[in-house]
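These notes are about the structure you will find just below.
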Amino acid sequence: RQPSDYKANSQLLSHDRPYAVDSNPLSIYVMHPFWNLVVKFLPTWLAPNLITFTGFMFLVLNFLMLAFYDFDFNASSAGYQHVPSWVWVAAGIFNFLAYTLDGVDGKQARRTNSSTPLGELFDHGLDSWACVFFVATVYSIFGRAESGVGVVTLFYILWVVLFSFILSHWEKYNTGILFLPWGYDISQVTISLVYLVTAAVGVETWYQPVIFHLLYRDLFTFMIIACSFTVTLPMSLYNVLKGYRNNTLKHSSLYEGLLPFLSPFLLFVLSTIWVIYSPSNILVLQPRIFYLMVGTAFANVTCKLIVCQMSNTRCQPLSILLLPMTAVVVLAITRVFTNETLLLYLWTAAVVLAHIHYGVSVVKQLSNHFNIFAFSLKKPNSD
């Protein structure tokens, strides 16, 4: 389905932001009061979408900065030059700035009376892409381990994070309500602090045992998995079940309700097959690029789901992006394309460009439809 398929849907004409529920105590009692204070310092001419985009670019900057100093996630391994302390300080500041800007963009929209569905798509669409950037960046602290097992572990940790993200939008697709996950606020504050602590004590500290033989890096992995499967997943299932009992679900059949999971599941299967059967062990060879490819493909799938939520249209069963990816995986594991690294780079570039093209197209169409500018509060000329 192309972006233009959603443009004329009547449900997309509403300028009201969708109902969302944020029950996280950290968010309610600490972050929201802080954001309410911060937004007062922002000029009223500043467009909310520009705030959102700036916050996202801080995460991209973190990713590129750590890619320069630690492209292969070897900074914490013996025999490798460590990342300078100022980089960790910058990473902590940039991560917190990104988190703060993500928290104040909606408040700025209400403050300037400029809330639109474009703002919702822009905010959550960039959030879906941001998952890979902050996960891959923070993993430079914990490293790949000498055997390379760490990069495989991170691949599955990344998928746990992506799964947690799409759960919230699956809830909204079925219930019409966006239940904000508790893990997001906790993880963002924790990650920002971890960067600053790393600058002070060095990455070696995280390899000290917390208790018995449990290392900090193991605790990091455990916290992410536990937060996803003991908090986020049960709460999502409960909210959807409550909607079913109250007869308020948007989709009556089980198939329609689970449809948003089909493309992400196939993406997980395809990427996992590539990892397992790669002739050159591509994940160990090029972990950062592989994560970028997976995270960008996931963001593309998720953005289309978000558009379906906005327009009250049916989620497409299969993302078109998965068809060429299937061919790429076959070429890789059958050794038809002998240079697997080059194949990964070409496919990653194609995925990134395709996602940027999709995002720009949707933003342009919605901007024209609502007669607004994406990054300015000025109104276009009527002629």
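The values are calculated or read from the model by the stated rules, or taken from the named source; none is laboratory data. Because the structure is predicted, anything quoted here is derived from the model rather than measured. Backbone-built Cβ (ideal geometry, glycine too); neighbour counts: all protein chains shown.
Okay, residues lined up against (1) in contact with a Cys (Cβ under 7 Å, 6 or more places away or on another chain); (2) within 26 Å of PHE229 (Cβ to Cβ); (3) not aromatic (Phe, Trp, Tyr):
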site: LEU50; (1), (2), (3): no, no, yes
site: PHE56; (1), (2), (3): no, no, no
site: ALA67; (1), (2), (3): no, no, yes
site: TRP88; (1), (2), (3): no, no, no
site: GLY92; (1), (2), (3): no, no, yes
site: SER115; (1), (2), (3): no, no, yes
site: PHE155; (1), (2), (3): no, yes, no
site: LEU158; (1), (2), (3): no, yes, yes
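Return yes when LEU50 is buried (at least 20 other Cβ atoms within 10 Å of the Cβ), at pLDDT 95 or above and within 21 Å of PHE373 (Cβ to Cβ) and no when it is not. Criteria not met by LEU50. On inspection, VAL38 qualifies as surrounded by fewer than 17 Cβ atoms within 10 Å (Cβ to Cβ), more than 30 Å from TRP206 (Cα to Cα) and among the aliphatic types (A, V, I, L, M). Screening the stretch 344-365 for residues that are among the polar types (S, T, N, Q) and farther than 14 Å from PHE298 by Cβ and picking the one that is nearest to the chain's Cα centre (by Cα) gives SER361.
How many residues are of a type in the set (Lys, Arg) and either at pLDDT 80 or above or not in a helix (DSSP H, G or I) (or both) if we restrict to the stretch 197-245?
Restricting attention to the stretch 197-245, the residues satisfying the condition of being of a type in the set (Lys, Arg) are 217, 242, 245.
Then keep just the ones that are either at pLDDT 80 or above or not in a helix (DSSP H, G or I) (or both); that gives 242, 245.
Going through the stretch 197-245 one residue at a time, the tally reaches 2.
Answer yes or no as to whether LYS107 is more than 24 Å from THR190 (Cβ to Cβ) and in a helix (DSSP H, G or I).
Numbers: more than 24 Å from THR190 (Cβ to Cβ): no; in a helix (DSSP H, G or I): yes.
Considered against the rule, which asks whether it is more than 24 Å from THR190 (Cβ to Cβ) and in a helix (DSSP H, G or I), LYS107 comes out as no.
Given the conditions (1) more than 24 Å from PRO33 (Cα to Cα); (2) in a helix (DSSP H, G or I); (3) at pLDDT below 90; (4) in contact with a helix residue (DSSP H, G or I) (Cβ under 6 Å, 6 or more places away or on another chain), report the number of the one that ILE141 does not fulfil. Status for ILE141: all satisfied but (2). Inside the stretch 248-262, residues that are at pLDDT 90 or above and more than 18 Å from CYS315 (Cβ to Cβ) make up a count of 0.
Restrict the check to the stretch 268-278 and report whether at least one residue is modelled with pLDDT under 95, outside any helix (DSSP H, G or I) and farther than 27 Å from GLN188 by Cβ. The answer is no; no qualifying residue exists. Condition check for SER192 on (1) farther than 29 Å from VAL138 by Cα; (2) surrounded by 14 or more Cβ atoms within 10 Å (Cβ to Cβ): one failure, at (1).
With touching a residue at least 24 places away in the same chain (Cβ under 8 Å) and closer than 30 Å to VAL362 by Cα as the only criterion, which of GLY92, GLY125 stands out? Talk me through it step by step, then tell me what you get.
Details: GLY92 fails: closer than 30 Å to VAL362 by Cα.
GLY125 is the lone residue from the list that is touching a residue at least 24 places away in the same chain (Cβ under 8 Å) and closer than 30 Å to VAL362 by Cα.
Considering the stretch 275-287, and only residues there that are in contact (Cβ under 8 Å) with a residue 12 or more places away in the chain and more than 22 Å from ASN74 (Cβ to Cβ), the residue that is nearest to the chain's Cα centre (by Cα) turns out to be TYR277. Of the numbered criteria (1) of a type in the set (A, V, I, L, M); (2) under 30 Å from LYS250 (Cα atoms); (3) crowded, with 18+ Cβ neighbours inside 10 Å; (4) modelled with pLDDT under 90, the one ALA130 fails is (4). Residues that are in a helix (DSSP H, G or I) and among the small types (Gly, Ala, Ser) were ranked within the stretch 314-369; the one that is surrounded by the most Cβ atoms within 10 Å (Cβ to Cβ) is ALA332.
Checked against (1) surrounded by fewer than 16 Cβ atoms within 10 Å (Cβ to Cβ); (2) within 22 Å of GLY125 (Cβ to Cβ); (3) at pLDDT below 95, PHE265 passes all but condition (3).
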